[in-house]
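To keep things clear, I will list the structure first and then write my remarks on it.
The values are calculated or read from the model by the stated rules, or taken from the named source; none is laboratory data. Everything quoted here is computed from the prediction, not taken from an experiment. Backbone-built Cβ (ideal geometry, glycine too); neighbour counts: all protein chains shown. In case anyone asks, the SASA skips ligands and DNA or RNA and just uses the protein heavy atoms, side chains included. Shrake-Rupley method; radii C 1.70, N 1.55, O 1.52, S 1.80 Å.
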Amino acid sequence: MGAAQLPFETKLCTPEAAIARVAALARPLVFTNGCFDLLHRGHVTYLAQARALGASLVVALNTDASVRRLDKGEDRPINRLEDRAAVVAALGCVDLVTWFDADTPLDLIVALRPDVLAKGGDWPEERIVGAAEVRGWGGKVVSIPFRYDRSTTAVIERIRQSLD
């Protein structure tokens, strides 16, 4: 017998099931994506700010293979997709967590048709994948300024330096 599903685990959703699951979420729907490898204060602040832009927040995570293609380092991601997804799903501001294996989440954005597309402040609006599509159906695109300048890469580097 398997263990009972924890409440946050109900927020996990395959990309194939995401369209049906999103249909049941309150609108306006906010969509964001990223690796969210080692969750830190910058991540949780950003996700809370993104959620405040609408009534529901969907977070799409890069698969492990997709993260590796981003040139973040040979040892990235530190945490596997299923672990990253569970941690993000446990956040109260997140309503649904799914993933994508492509280099960008464009196909998922088009399929889910969010009302708001959000990215962190290091992404100018003109470089946000899916911006033209979301604006095309009347949605808005938001680049959320960093409130706390944190970086998973910097955290990993500090850990490595402490081991030297």
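Label-to-label distance, Asp75 versus Ala111, with points set 7 angstrom from Cα along the beta-carbon direction: 3.4 nm. Here, segment 48-94 is characterised by an Rg to Rh ratio of 1.06, where Rg is the alpha-carbon radius of gyration and Rh the Kirkwood radius. Here the translational diffusion coefficient of segment 61-164 follows from Stokes-Einstein with Rh set to the Kirkwood radius across Cα pairs; for 10 °C and 1.306 mPa s it amounts to 102 µm²/s.
Any chance you could tell me what percent of the C-alpha pair distances in segment 1-128 go past 19 Å?
Value for segment 1-128: 46 percent of Cα pairs lie more than 19 Å apart.
To put it simply, the accessible area of the chain at a 1.4 Å probe is 54 percent carbon and sulfur.
Give me the extension gain from Val155 to Ala90: residue separation times 0.36 nm, minus the current Cα-Cα distance, reported in nm with one decimal. Mind showing how you got there, number by number?
Working: separation 65, 0.36 × 65 = 23.40 nm, distance 2.16 nm.
21.2 nm is the gain from fully extending Val155 to Ala90.
Mind checking the per residue accessible area of segment 89-155 for me, 1.4 Å probe, whole number of Å²? Don't skip to the answer; put the middle values down first.
On the way: 3400 Å² over 67 residues.
Here the residues of segment 89-155 average 51 Å² of exposed surface.
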